[in-house]
Amino acid sequence: MLPAFRESVIQLITRTSTDLPPDVRAAMGRAVGSEEPGTRAGQAIAIIAQNIDQAASCEGPICQDTGMPTFEVKTPVGANQIWMRQEIREAVAEATRRGKLRPNSVDSITGENTGNNLGPGTPIVHFDQWERPDIEIKLILKGGGCENTNAQYALPTELDHLGRADRSLDGVRKCVLHAVWKAQGKGCSPGAVGVCIGGDRTSGYTHAKEQLFRTLDDVNPDERLRPLEDAIMEEANRLAVGPMGFSGRTSLIGCKIGALNRLPASFFVSVAYDCWAFRRLGIRVDAASGAITSWLYRDGDAPSTPLLAPDAVAAGFPRTGREIALSAPISEEQIRSLKVGDVVLVSGRVFTGRDAVHAHLMKHEPPVDLRGGVLYHCGPVVAKQGSGWRVTAAGPTTSIREEPYQAEIIKRYGVRVVIGKGGMGAKTLAGLEQSGAVYLNAIGGAAQFYARCIERVDGVSLMEFGTPEAMWHLEVRDFPAIVTMDAHGASLHKDVEEASGQVLETLR
Ligand code: SF4
């Protein structure tokens, strides 16, 4: 068999998880240049850029959510695909052991994490044959936050702000704009969309995701779709959703559209949204040895060009002098003095909690005292270090999933600060006002940046839920985030959604 094959796949996974491809870096570089320094969007994009450079230089995951590993493999006729699939699975398990992938494969019925990213349906591996003598493996790591913002439309349909979308390219345009608007910052904007016109419900989504294997700067070979991609890029950025939904100039860094034939009765438009942490790479492999012969999407093994100068990365969070320090336990008075738009620096004890913890707290007392405390929606990548732990990636996860529980947990246990990303809904907003608490939006995907704000891990509770779902006790220093929902009923997310909705009206 191919002795170097497994290690080649491990290298592919490692590079994909830790270093963005040049076309995505170039698009993010333009986004950095387009946002005004010192604004919310400017500070958010500066953290994202620092995070991208930090991840590449330390070979750490760009985002703690290393996503659903999806491999597209082309092999020469007659190659043993059964063996290759098994080797790819072993490589995924090994990359997970090495901390390049977070354990992300969960039994859908019991909720149990398999711990190694292997299970029914994970990883996704598609094989195809081609008439070349070598093997090509492409990989995309697409996280849950952006996957949850995918959308599928059946035309004709009525869309908020845009009116009727007919079975035409203009109808497609409206659907994609609607999907970008609906995603707001929940998918960690600025993002990129892969779109499929047609197919059926299943093949449409698959083909939409396949579009994300195109480079952001390529030109659509279909002349009918090229102007549509350009129009959507221009109009989507007029929405001013901006980085993390904070409002700003860059909402979309790429739009790639393909088409499949459809049944006469159906007309689907499927949209696959990928976040700024757009991790996609590929390799060509020698079919006799399994060794890498070349990289796709990047220039061999050469180090990536940093987005920022080294002193800008070393300087850390770009402060304006208006930042407010918060340290747990936090009083109600402190909380009520905060307003939407304030930038805060959190220090002291923070507890992580995501889906399993929230469901648990609805039925059981918390394992720690949460009064005056900070609850961080985060599923970190944590490595054992001696008898303790070290966090290697710790960005926020999408908060809206906790909407059914959050207000009740805040009220019952006296939580004062919730940190997450993408914002929460009306029930939580009312709960914040009633109980005297705030929601802070951290920068989604900035896993390396935030890992450096964690001074130590002081303990862990509810470890039976698995590493990402456990409740980690973290000691943080100067952890920056923005008040996007305050204790006075104000929500930046609501404001930006409404303002961008008004722009959408002009694009009917
Ligand atoms: S950057 Fe945001 S959407 Fe993307 S994988 Fe990370 S947390 Fe999820």
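Is it true that some residue in the stretch 458-472 is within 16 Å of the ligand (Cβ to nearest atom) and either buried (at least 24 other Cβ atoms within 10 Å of the Cβ) or of a type in the set (D, E, K, R) (or both)?
yes
Which condition from (1) touching a helix residue (DSSP H, G or I) at 6+ places or on another chain (Cβ under 7 Å); (2) in contact (Cβ under 8 Å) with a residue 60 or more places away in the chain; (3) open to solvent by less than 20 Å² (accessible area, probe 1.4 Å) is the one that residue 407 breaks?
(2)
State yes or no: is residue 170 assigned to a helix (DSSP H, G or I) and either at positive phi or surrounded by fewer than 17 Cβ atoms within 10 Å (Cβ to Cβ) (or both)? Spell out the reasoning first.
Working: assigned to a helix (DSSP H, G or I): yes; either at positive phi or surrounded by fewer than 17 Cβ atoms within 10 Å (Cβ to Cβ) (or both): yes.
Judged against the criteria, residue 170 is a match.
Might you check whether a residue that is part of a loop (DSSP other than H, G, I, E, B), open to solvent by 10 Å² or more (accessible area, probe 1.4 Å) and among the hydrophobic types (A, V, I, L, M, F, W, C) occurs anywhere in the stretch 365-382?
Yes.
Where in the stretch 238-310 are there strands (runs of 3 or more DSSP E), lying fully within it, with 1 or more residues that are among the polar types (S, T, N, Q)?
268-274, 292-296
Given the condition touching an Asp or Glu at 6+ places or on another chain (Cβ under 8 Å), in a helix (DSSP H, G or I) and either more than 16 Å from the ligand (Cβ to nearest atom) or farther than 16 Å from residue 208 by Cα (or both), answer yes or no: does some residue in the stretch 122-140 qualify?
Taking every residue of the stretch 122-140 in turn, none turns out to be touching an Asp or Glu at 6+ places or on another chain (Cβ under 8 Å), in a helix (DSSP H, G or I) and either more than 16 Å from the ligand (Cβ to nearest atom) or farther than 16 Å from residue 208 by Cα (or both).
Can you tell which of 69, 123, 133, 37 is farther than 18 Å from residue 15 by Cα and in contact with a strand residue (DSSP E or B) (Cβ under 9 Å, 6 or more places away or on another chain)? Explain how you work it out, then say what you get.
Values: 69 fails: farther than 18 Å from residue 15 by Cα; 123 fails: farther than 18 Å from residue 15 by Cα; 37 fails: in contact with a strand residue (DSSP E or B) (Cβ under 9 Å, 6 or more places away or on another chain).
Answer to the selection: 133.
Condition (residue is farther than 23 Å from residue 286 by Cβ, among the aliphatic types (A, V, I, L, M), touching a residue at least 24 places away in the same chain (Cβ under 8 Å) and open to solvent by 30 Å² or more (accessible area, probe 1.4 Å)) applied to the stretch 128-145: is it met by at least one residue?
no
Pairs needed: first member in the stretch 108-124, of a type outside the set (Asp, Glu); second member anywhere, open to solvent by 40 Å² or more (accessible area, probe 1.4 Å); C-beta distance under 6 Å; at least 6 residues apart or different chains.
Pairs that qualify, where the first residue is of a type outside the set (Asp, Glu) and the partner is open to solvent by 40 Å² or more (accessible area, probe 1.4 Å), are 113/106; 117/104; 118/89.
Going by what's in this entry, would residue 66 be described as polar (S, T, N, Q) and away from the ligand (no atom under 16 Å from the Cβ)? Break it down into steps so the answer makes sense when it comes.
Values: polar (S, T, N, Q): yes; away from the ligand (no atom under 16 Å from the Cβ): no.
Answer is no for this residue.
The rows are residues; the columns are (1) within 16 Å of the ligand (Cβ to nearest atom); (2) modelled with pLDDT of 95 or more; (3) surrounded by fewer than 20 Cβ atoms within 10 Å (Cβ to Cβ).
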{"residue": "199", "(1), (2), (3)": "no, yes, no"}
{"residue": "220", "(1), (2), (3)": "no, yes, yes"}
{"residue": "226", "(1), (2), (3)": "no, yes, yes"}
{"residue": "242", "(1), (2), (3)": "yes, yes, no"}
{"residue": "268", "(1), (2), (3)": "no, yes, no"}
{"residue": "277", "(1), (2), (3)": "yes, yes, no"}
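Condition test on residue 88, is it within 16 Å of the ligand (Cβ to nearest atom) and in contact (Cβ under 8 Å) with a residue 24 or more places away in the chain?
no
Being surrounded by fewer than 24 Cβ atoms within 10 Å (Cβ to Cβ), free of Cβ contacts under 8 Å to residues at least 24 places away in the same chain and either of a type in the set (A, V, I, L, M) or within 25 Å of residue 274 (Cβ to Cβ) (or both), is that true of even one residue in the stretch 418-430?
There is at least one residue in the stretch 418-430 that is surrounded by fewer than 24 Cβ atoms within 10 Å (Cβ to Cβ), free of Cβ contacts under 8 Å to residues at least 24 places away in the same chain and either of a type in the set (A, V, I, L, M) or within 25 Å of residue 274 (Cβ to Cβ) (or both).
From the residues in the stretch 173-197 that are open to solvent by less than 10 Å² (accessible area, probe 1.4 Å) and out of contact with any helix residue (DSSP H, G or I) (no Cβ under 7 Å at 6 or more places or on another chain), which one is farthest from residue 230 (Cα to Cα)?
183
Only one residue in 447, 442 is under 25 Å from the mean Cα position of the chain (by Cα), modelled with pLDDT of 95 or more and within 16 Å of the ligand (Cβ to nearest atom). Which one?
Numbers: 447 fails: modelled with pLDDT of 95 or more.
Selected residue: 442, the only one of 447, 442 that is under 25 Å from the mean Cα position of the chain (by Cα), modelled with pLDDT of 95 or more and within 16 Å of the ligand (Cβ to nearest atom).
Given the residues 281, 296, which is the only one that is within 16 Å of the ligand (Cβ to nearest atom) and either open to solvent by 10 Å² or more (accessible area, probe 1.4 Å) or touching a Pro at 6+ places or on another chain (Cβ under 7 Å) (or both)? Steps first, answer last, please.
Values: 296 fails: within 16 Å of the ligand (Cβ to nearest atom).
Only one candidate passes the filter, namely 281.
The values are calculated or read from the model by the stated rules, or taken from the named source; none is laboratory data. These numbers were taken from a predicted model, which means no experiment stands behind them. Counting neighbours? That spans all protein chains shown, and the Cβs are built from the backbone with ideal geometry, glycine included. The protein model used for the area step is the full one, side chains on, heavy atoms only, and it has no ligands, DNA or RNA in it. Shrake-Rupley method; radii C 1.70, N 1.55, O 1.52, S 1.80 Å.
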